[in-house]
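> Questions regarding the structure given below will be posed in turn.
Computed from the coordinates by the stated procedures, all read-outs in this text should not be read as laboratory data. Here the structure is a predicted model, which means the values were calculated and not measured. When we count neighbours, we look across all protein chains shown, and the Cβ atoms used for this are built from the backbone with ideal geometry, even at glycine.
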């Protein structure tokens with residue numbers, strides 16, 4: 001992809017893969033971007049024992065679910081804007097429906113519901129089994145705008161995308 005060109009879904013998938021690879025904890029946990037159809041992003045967190053919060057009962061730590069919702073919702077924000085900009089989490093509400101269980105990957109999907117001049121509103125869902133959500137998150141992200149986004153942010157996001165194909 002060249003600068004000034006509208007990114008394809010495949011370009012966004014590679015860019016968001018780069019994004020989650022730069023974040024140390026998502027890289028170490030092997031978070032994978034499955035699909036990107038702006039403004040919707042789907043990810044997979046592969047099972048590993050480090051996700052457990054209750055090893056006696058084999059339950060995933062609630063903080064893992066919160067981190068995953070924050071990451072997938074924030075990723076959806078990036079591809080829903082006219083141009084990528086830094087948008088920190090303003091708030092994140094998580095409704096836990098059931099615990100995540102050991103031995104199963106966790107899937108995440110988020111979508112942008114509304115974009116304003118100052119806030120981006122998102123919604124995300126986590127599951128291990130289709131039709132049985134673990135949690136739902138409502139995330140709001142503050143737009144810092146081009147003036148407060150580091151120069152070259154978009155270029156860095158899409159740089160080296162062929163390395164992650």
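> Normalised by the empirical 2.2 N^0.38 Å for globular proteins, what value does the Cα Rg of region 67-128 take?
Compared with the compact-globule rule of thumb, region 67-128 sits at 1.22.
> Once you have a ≥ b ≥ c as the square roots of the Cα gyration tensor eigenvalues for region 91-165, tell me rounded if a/c is under 1.5, and otherwise prolate or oblate according to whether a/b is larger than b/c.
Taking the square roots of the gyration eigenvalues as a ≥ b ≥ c, region 91-165 is oblate.
> With the Cα gyration tensor of region 118-157 giving a ≥ b ≥ c as the square roots of its eigenvalues, does the rule (a/c under 1.5 for rounded; else a/b larger than b/c for prolate; else oblate) give rounded, prolate or oblate?
Verdict is oblate for region 118-157.
> Hey, how much of the P(r) for the chain falls beyond 26 Å, as a percent of Cα pairs?
Cα-Cα pairs in the chain separated by more than 26 Å: 26 percent.
> Express the relative contact order of the chain as a whole percentage, based on alpha carbon pairs under 8 Å and six or more residues apart in sequence.
RCO, the chain: 24 percent.
> May I ask for the angle, rounded to the nearest 10°, between helix 9-22 and the longest principal axis of the chain, with both axes built from Cα atoms and the value confined to 0 to 90°?
70 degrees
> Of 13, 57, how do they rank once you tally other Cβ atoms within 10 Å and put the fewest first?
Final ranking by Cβ density, sparse to dense: 57, 13.
> Springs between alpha-carbon pairs under 10 angstrom, Gaussian network model over the chain: which of 119, 33, 41 fluctuates most?
So, out of 119, 33, 41, the one fluctuating most is 119.
> Would you mind checking region 53-70 for residues with the amide N under 19 Å from a putative spin-label position 7 Å along Cα→C-beta of residue 95?
62-63, 65-70
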